[in-house]
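Working notes for the structure below.
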Amino acid sequence: MINVLFSAGDERWPAYAEALPAAFAAKGLKVNLHRDQSNPAAVDYLVHAPNGTVSDFAPFVNAKAVLNLWAGVEKIVGNPTLTQPLTRMVDAGLQEGMVEWVTGHVLRYHLGMDRQIIDQRPVWEPVVPPLARNRRVVLLGLGELGTACAQALAALNFQVIGWSRRAKDVPGVTCLSGTEGLKAALTQAEICVLLLPQTPATENLLNAETLALMPRGAFLLNPGRGPLIEDAALLAALDSGQIAHATLDVFRVEPLPADDPYWAHPKVTVTPHIASETRAETASEVIAENIRRGEAGEPFLYVVDRSAGY
Ligand code: NAP
C-alpha cells in the first residue's frame, strides 16, 4: 500500500478526495490517501500546495517526492527543509485555461473591443483593426504555458515572438533568448504577455528601462507572477501613455489590497489570479502518473530545477 499525504489545504480536499482515488485506480495503484500528519516517516509522497499544511519537510524522511499542485514553485523551491525531489504541475487543464485567458485578452486589445463594449456612444466612427497577420504579440516565457499560448496565437495568424532562457525552436514562432533577444522582443511587443516564473533572475524584469523599449501605446498582460513587474514603473508608463492598458492577474500581494492603485486605474484590468486554475480531474492524472513512475523506478515528470528556481 502506497502512503500519500494530502497536504495541499482543506479547501482543495473535497475535489481531490474524489479525483485522486479515481486516478490512482486507473493506474492500478493501491494507495492510502489521507491528511493525517502524525506519522511522517510512513509517508511515501506528499501532494502539496504552497498555502497547505506542511512547511517543514524534514520529518518526511522516507518520502520519495513532493508533488506540487501549482505550476509556480517560488514559495517552496527555496525551502531549506525540502531535500526530496520536487515536481510542479504541468497538465492539460492548466494549459487550456491559460490559452483561453491569454487569447481572449489578446483579442480584446487587438480588436479594440472596449470601444464598443465600454465606450459606446451614438457616434458612427468606424475604426478598423489590423489583421492579426499584421500584429506582433510577444510572449516572455516559452515554457509549457507560454508555448501553448504562442501556438494558439500563431494559429490565429498573429506574428508571434517568444523569449526564453535557453534557445528554442517552436514552429510558427520567432524564438529569441538572452539579453539581446529580450531587447529585440520588447521593441516589437505591440502586445506583451508575461509567462515567466518568479525567480531572482526574472524579478522586476519589466521596469522603467524595459517598458521604455516597447512601442508606444503597447498592451501588457501578466498572468505570470506579480514580481515580474516593477509596479511603480508600470503605473508611470500607463500614466505617460507608453503602455496603453494592462491586464493583470497576479500581484506581489494577493488578494490585491482594496487601496492598491491598480484597482482604480482607468488603464488597468485586474483579474483575481484566475488566468488558469489547477483542475482536480486533470491534475490528479499527473499526480497518479508521477507516483506510478516513482514506484516503477522511472524518472519523475516535471522535476523542478532547484538551481534555476523553476
Ligand atoms: P515553465 O514551463 O517552467 O516555463 C517557464 C519559461 O520561462 C521557460 O520558457 C523558461 O525558459 C523561461 N524563463 C525562466 N527564467 C528565465 C529567465 N531568467 N530569462 C528568460 N526566460 C526565462 O513554466 P510554465 O508552466 O509555462 O508556467 C509559467 C508561469 O506561469 C509559472 O511559473 C507561474 O508563475 C505562472 N502561472 C500562472 C497561473 C495563473 O493562474 N495566473 C497559472 C499557472 C502558472 P527555458 O524554456 O529556457 O527554461
Legend entry - Checklist (1) closer than 15 Å to residue 102 by Cα; (2) touching a helix residue (DSSP H, G or I) at 6+ places or on another chain (Cβ under 7 Å) applied to residue 151, failing item: (2)
Inset, instruction - Taking residue 277 as meeting all but one of (1) within 16 Å of the ligand (Cβ to nearest atom); (2) surrounded by 15 or more Cβ atoms within 10 Å (Cβ to Cβ); (3) in contact (Cβ under 8 Å) with a residue 40 or more places away in the chain, write down the number of the exception. - result: (2)
Inset, instruction - Looking for whichever is touching a residue at least 12 places away in the same chain (Cβ under 8 Å) and within 14 Å of the chain's Cα centre (by Cα) here; the options are 234, 221, 238, 256. Which one fits? - result: 221
Inset, instruction - Kindly list, by first and then second residue, each pair from a residue in the stretch 154-170 that is at positive phi to a residue that is more than 11 Å from the ligand (Cβ to nearest atom), limited to pairs with Cβ atoms under 6 Å and residues at least 6 apart or on different chains. - result: 157/132; 157/133
Legend entry - Qualifying residue in the stretch 181-192 (condition: within 16 Å of the ligand (Cβ to nearest atom), free of Cβ contacts under 8 Å to residues at least 24 places away in the same chain and out of contact with any Phe, Trp or Tyr (no Cβ under 8 Å at 6 or more places or on another chain)): yes
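Per-residue answers, yes or no, for (1) within 15 Å of the ligand (Cβ to nearest atom); (2) part of a helix (DSSP H, G or I); (3) in the same structural domain as residue 220 (by TED's automatic domain parsing); (4) not acidic (Asp, Glu):
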| site | (1), (2), (3), (4) |
| --- | --- |
| 266 | no, no, yes, yes |
| 283 | yes, yes, no, yes |
| 288 | no, yes, no, yes |
| 292 | no, yes, no, yes |
| 301 | yes, no, no, yes |
| 306 | yes, no, no, yes |
| 309 | yes, no, no, yes |
Inset, instruction - Assess whether residue 125 counts as being surrounded by fewer than 19 Cβ atoms within 10 Å (Cβ to Cβ), of a type in the set (Asp, Glu) and in contact (Cβ under 8 Å) with a residue 12 or more places away in the chain. - result: no
Inset, instruction - Would you kindly identify the strands (runs of 3 or more DSSP E) lying entirely within the stretch 138-242 that contain at least 3 residues that are farther than 24 Å from residue 112 by Cα and modelled with pLDDT of 95 or more? - result: 173-177
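Tell me which residues, restricted to the stretch 38-51, are in a loop (DSSP other than H, G, I, E, B) and either surrounded by fewer than 16 Cβ atoms within 10 Å (Cβ to Cβ) or out of contact with any strand residue (DSSP E or B) (no Cβ under 6 Å at 6 or more places or on another chain) (or both).
Result: 38, 39, 49, 50, 51.
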Legend entry - Pairs, first farther than 16 Å from residue 87 by Cα and outside the structural domain of residue 286 (by TED's automatic domain parsing) in the stretch 42-61, second of a type in the set (Asp, Glu) and buried (at least 16 other Cβ atoms within 10 Å of the Cβ), C-beta under 6 Å, six or more apart: none
Inset, instruction - Please state which one of 73, 31, 54 is surrounded by 14 or more Cβ atoms within 10 Å (Cβ to Cβ) and closer than 17 Å to residue 291 by Cα. - result: 31
Legend entry - All positions within the stretch 13-27 that are closer than 16 Å to residue 285 by Cβ and either touching a Pro at 6+ places or on another chain (Cβ under 8 Å) or touching a residue at least 12 places away in the same chain (Cβ under 8 Å) (or both): 15, 16, 17, 18, 19, 20, 21, 22, 23, 24, 26, 27
Legend entry - residue 221 being under 17 Å from residue 267 (Cβ atoms), away from the ligand (no atom under 12 Å from the Cβ) and buried (at least 23 other Cβ atoms within 10 Å of the Cβ): no
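The values are calculated or read from the model by the stated rules, or taken from the named source; none is laboratory data. Predicted model, so just to flag it, every value in this text is computed and none were measured. All Cβ positions, even for glycine, are placed from backbone atoms using ideal geometry, and neighbour counts span all protein chains on display.
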